[in-house]
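Okay, structure first, notes after.
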Amino acid sequence: MGVPAARLIEPPFAPPKSNRRWVALGFIALAQLLIALDATVVSIALPSAQAALGATDSDRQWVITAYTLAFAGLLLLGGRVADIAGRKRAFVVGLGGFALASAVGGAAPNLAVLIAARAAQGAFAALLAPTALSLLAVTFTEPRERATAFAVYGSIAGSGAAVGLLLGGALTQYLSWRWCLYISLPIAIAAAAGGWLVLPSSSIKGGFRVDFPGAALATAGLVALVYASSTASLGYGAISAALLLLFVAWEARTANPLLPLRILVNRTRAGVYLTVMCAIAGMFGAFLFLTYFMQVVLDFTPLEAGLAFLPMSVASQAGSWLIASRLMPRVSPRTLMAPGALMAAAGMAVLTQMHVAAGYATVVLPAEVLLGVGISCVMVAAFSTATQGVDPREAGVASATVNTAQQVGGSLGTAILNAVATTATAGFVGGRAAAVVHGFATAAEVGVAILVAGAIVAAVLVNAPRPAQPDRA
């Protein structure tokens, strides 16, 4: 799904010797694969897990949002903890905790335990993700090596979602949905063992305090917001607003804020964060009901459903490399972001035409291609722009904030679109299959509105100019 970043305040750090750097990169990349994979591997297994655990349609979305919410709420805190405790120690602890949470989730006897385990996975991912990227940043300092290392890391981050969908389909079909969680154990153990052997130790000698009150207020506020979105509860909406306002007030007065508010008041960065939230909200919502449409209505096996998502991943890679990377040096960021969000909205508009007789090639495939290309154009430009003009000492927190916006968007999109779909299904007069598909099509209409809103925000707020061109001799 995106590349999280840590707060890059450098302690004394001795990079590993040259012949060990690339070995270290392998284990760092393995940790990033684990994070990206677990964001989607459970999606394909969700229909099977829901049936096995007796979960309701309104509760199923918490298996996804528990992970993204914990990730979003604790990401900034995770980067700060890694700075203080030491990156090697945080790397190993993050992987160990992730493995333990995965084991508990795989053995979950009911939905509540599964949701709690997914939340724990997200919490340890919030420690692991900024640690991994920070390790990469301080290990590779020579420009050519650095470019190669970040290219490898970014490629794994981008392909992890596709690997998760394919792996989730195969494991669910041939073993059990529980193996979609157990599969994290060998990956985490291998990365932790290798990291312990090849990564050097580092720590900060005093001077930093962890903003635990800020982290608690932000996480509680986001949880209340998602719950209010999924239940249409005005009470929880009010609680969320109060908690998030308290978070802003606390960050404005504390000496060591989790999120310096000056990061948010910049017009372009605020526009980037809001656009990313809208883009990912639409994409995660599409993942949820496309998974059910293909397995429940089109009668795809879990593996076939995983394979059926491949065109979206291919379209995303094509949009990144063939469109965004080529145009980004030549045009302003909003020239990519606004049309990209509109293209994704067009993909969601195709999904509003879903019905029980609709086929994969006529509805799902074109929607996936449009969503993949559109979202990639938004995200490539967003991550490039998120740290533009930021004090280098705050580049990490600015980048981490755009990742937080990404995870919040995923949580809200899943909650809102699932709530819309279940409400529309319940109010439909007709057969069960027709009612379910009607709910998905109605949710897609809301998804179109969210993505169009993202395009408008990008066009109005993201006013950064195109990159400066070097003088030609």
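Laboratory data are not the source of any read-out in this text; all were calculated from the coordinates shown. Here the structure is a predicted model, which means the values were calculated and not measured. Backbone-built Cβ (ideal geometry, glycine too); neighbour counts: all protein chains shown.
Quick look at the numbers
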{"read-out": "Footprinting exposure proxy for Asp38, Asp299 (fewest neighbouring C-beta atoms within 10 Å first)", "value": "Asp299, Asp38"}
{"read-out": "Order of Cys278, Cys180 - criterion: other Cβ atoms within 10 Å of each residue's Cβ, fewest first", "value": "Cys278, Cys180"}
{"read-out": "All-pairs alpha carbon distance profile, segment 211-255, 10 Å steps from 0, percent", "value": "33, 47, 18, 2"}
{"read-out": "Residue order, fewest to most beta carbons within 10 Å, for Tyr292, Tyr236", "value": "Tyr236, Tyr292"}
{"read-out": "Mean Cβ neighbour count within 10 Å, used as a protection proxy, ranking 57-64, 401-408 highest first", "value": "401-408, 57-64"}
{"read-out": "Dipole of segment 242-333, positive direction: furthest Cα of Phe293, Leu322, Ala255, with charges on the beta-carbon", "value": "Ala255"}
{"read-out": "For Arg466, residues with placed amide H under 5 Å, excluding near neighbours", "value": "Ser332"}
{"read-out": "Distance (nanometres) between label positions extended 7 Å along Cα→Cβ at Leu307 and Leu185", "value": "2.9"}
{"read-out": "Projected label distance in nm at Arg20 and Leu245, using a 7 Å step from Cα toward the beta-carbon", "value": "5.4"}
{"read-out": "Contour excess over end-to-end distance, with Cα ends at Val113 and Val356 and 0.36 nm allotted per residue", "value": "84.1 nm"}
{"read-out": "Whole-number percent relative contact order across segment 244-381, with pairs defined as alpha carbons under 8 Å at least 6 apart", "value": "30"}
{"read-out": "Sites Phe212 and Val331, calculated FRET efficiency, Cβ-Cβ separation with R0 35 Å, nearest 0.05", "value": "0.25"}
{"read-out": "Distance in nm between pseudo-label sites at Leu175 and Leu322 (7 Å out along the Cβ direction from Cα)", "value": "3.5"}
{"read-out": "Proportion of all alpha-carbon pairs of segment 50-138 beyond 23 Å (%)", "value": "28"}
